[in-house]
Amino acid sequence: MTNGEHRKLKISCLRYNPQEPGAAPRMQTYELEEADGMTLFIALNEIREKQDASLQFDFVCRAGICGSCAMMINGRPGLACRTQTKDLPASFTLAPLPVFELIADLSVNTGKWMRAMSERLQTWVHMKSAEVDLKRIEERMEPELAEEIYLLDRCIECGCCVAGCGSARMREDFIGAVGINKIARFRLDPRDARTDGDYYEVIGDDSGVFGCMSLLACHDVCPKDLPLQTQLAFIRRKMAALGWK
Amino acid sequence: MQTGAEVIAGVGLADRPRKSRWPARMDLTQSLSGLVLALFMWGHMFFVSSILVSKDFMWAITKMFEGYFFFGRAFPGIVSMVVFGVLVIFVLHAFLAMRKFPANYRQYRMFIGHKNLLKHGDTTLWWVQFVTGFALFFLATVHLYQMLMHPGDIGPFESADRVWTGRWWPLYLVALFCVELHGGIGLYRLAVKWGWLEGKDADASRKRLKAAKWVVTAFFLVLGVTTLAAYMKIGYDRRDDPGGRYTPAWLVNPPQAPPPWWWPSWMRETPK
């Protein structure tokens with residue numbers, strides 16, 4: 001019930017379905033009453049249920065873990081499920097993340113981009129053939145190291161860092177903070193037999209770590225608060241040191 | 001490739017040709033040349049602003065760089081050599097930094113749209129750096145060529161006449177803002193790019209670096225504008241009869257005007 005204290009939200013969403021013949025991108029404004037503790041996840045679902053069933057957006061976990069609901073919230077990449085409407089002005093805009101393939105409206109295919117990135121950077125543990133023995137007990141790892149790896153492994157591949165990156169916007173082949181963070185993660189992992197020389201092969205160029213212009217929007221928008229600034233600088237130092245020789 | 005074939009699941013790793021080391025070298029050289037230029041500009045500003053202390057002091061600074069206090073005679077060629085070195089580093093830096101420029105209309109539109117939408121400080125600062133850097137291609141080159149070819153025309157009167165009568169002040173004024181913004185942002189970006197002064201809390205140190213950057217930029221802008229105004233004033237006062245060389249009073253007329261306290265003792269006997 002209305003008690004007069006809640007704001008009337010005006011949410012302008014970008015509407016566009018590339019599959020629809022002749023469709024052109026446009027902004028559509030939805031009005032709804034704000035509720036206590038309302039997140040964008042709640043707001044968008046309310047719009048879809050009560051106002052416009054055709055509005056497309058992605059959600060899975062609604063708890064900031066799956067990374068599906070990343071979108072441009074008032075021009076800034078963020079997770080809709082972790083954004084409360086009370087932190088936004090009464091009227092604001094929602095748009096799909098740039099860079100990634102648009103499915104429709106606010107829904108983008110980050111998975112396709114992330115998969116290509118993973119294949120390009122080979123983001124999996126590379127073991128020496130001789131060491132592969134499925135019956136052997138896994139080697140122990142110091143809890144501190146496991147923590148360190150886990151810290152970087154918290155990346156949910158939501159795409160916010162890529163959408164916020166000026167380099168990635170200008171240059172489609174730039175690997176983004178998500179990619180460089182992956183390299184940092186596998187570099188820490190003692191099970192990965194790759195050396196810096198191997199990592200240089202995948203990120204040692206201007207579309208890799210040297211393409212980063214240190215604008216640091218990735219660090220500032222990361223919904224998981226990953227230490228991207230530190231990791232980008234660290235990998236840059238390692239790759240520069242290797243390349244200088 | 002150091003692990004190569006023994007690594008499994010790295011499809012094609014061993015067959016790939018070794019990646020060029022040049023991107024790494026270029027990246028480091030871009031940073032290093034920028035650092036050298038930024039530090040040079042700090043020194044440059046301090047030397048140029050010596051006019052705010054006195055004409056004699058500024059004169060002494062210029063003569064020091066011409067080797068006057070070491071050889072007992074001024075060699076402006078020394079200044080030319082330094083200028084040439086700076087010019088080489090400048091061209092190198094410009095060449096390397098150009099790799100980051102938007103290269104076509106699409107990239108232009110992308111970055112401008114992105115910057116305006118995101119409203120993110122460091123992203124906007126990069127655009128400022130790009131614009132000022134581009135302007136410096138021309139502003140700094142003109143200035144460097146002048147200094148390269150006329151190294152002897154630096155002095156309290158010589159510089160002032162160039163600034164006012166020679167109509168260089170508009171260029172210097174624009175160049176001053178470009179240099180201070182570009183260099184200040186550049187030094188800050190170098191620190192975050194390579195993780196210098198990061199400490200335990202990267203976010204806190206970045207905030208401090210950013211604040212320090214603005215303080216330094218404001219300081220040099222104030223110093224620079226004041227200095228330029230001082231030269232303009234001297235040049236303006238001499239507008240009817242420009243072109244003379246400045247010589248300190250104690251050198252023109254030694255017994256009446258004793259040298260100041262900092263004047264080297266070994267030069268007291270044989271002035272000029």
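Results, tabulated for the structure shown:
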quantity: Failed criterion for A:Ile65 (all others in (1) in contact with a strand residue (DSSP E or B) (Cβ under 6 Å, 6 or more places away or on another chain); (2) part of a loop (DSSP other than H, G, I, E, B); (3) not charged (D, E, K, R) hold); calculated: (1)
quantity: Candidate set from segment A:105-135 (those that are over 15 Å from the mean Cα position of the chain (by Cα), surrounded by 19 or more Cβ atoms within 10 Å (Cβ to Cβ) and of a type outside the set (S, T, N, Q)); member that is nearest to A:Ser207 (Cα to Cα); calculated: A:Leu121
quantity: Qualifying position, being in contact with a Ser or Thr (Cβ under 8 Å, 6 or more places away or on another chain) and either closer than 20 Å to B:Trp194 by Cα or not in a helix (DSSP H, G or I) (or both), among A:Lys224, A:Lys238, A:Lys182; calculated: A:Lys182
quantity: Extreme residue, surrounded by the most Cβ atoms within 10 Å (Cβ to Cβ), among residues of segment B:244-257 that are out of contact with any helix residue (DSSP H, G or I) (no Cβ under 6 Å at 6 or more places or on another chain) and part of a loop (DSSP other than H, G, I, E, B); calculated: B:Thr247
quantity: Criterion (closer than 29 Å to A:Asp206 by Cβ and touching a Ser or Thr at 6+ places or on another chain (Cβ under 8 Å)) met by exactly one of A:Glu148, A:Glu172, A:Glu157; calculated: A:Glu157
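Okay, residues lined up against (1) within 10 Å of chain B (Cβ to nearest Cβ); (2) crowded, with 21+ Cβ neighbours inside 10 Å:
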position	(1), (2)
A:Ile149	no, no
A:Ile175	no, yes
A:Arg191	no, no
A:Asp198	yes, yes
A:Asp206	yes, no
A:Phe210	yes, yes
A:Gln229	yes, yes
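No value in this document is a laboratory result; all are computed from the given coordinates. Predicted model only: the values in this text are computed from it and were never measured. Please note: Cβ atoms are built from the backbone with ideal geometry, for glycine as well, and neighbour counts cover all protein chains shown.
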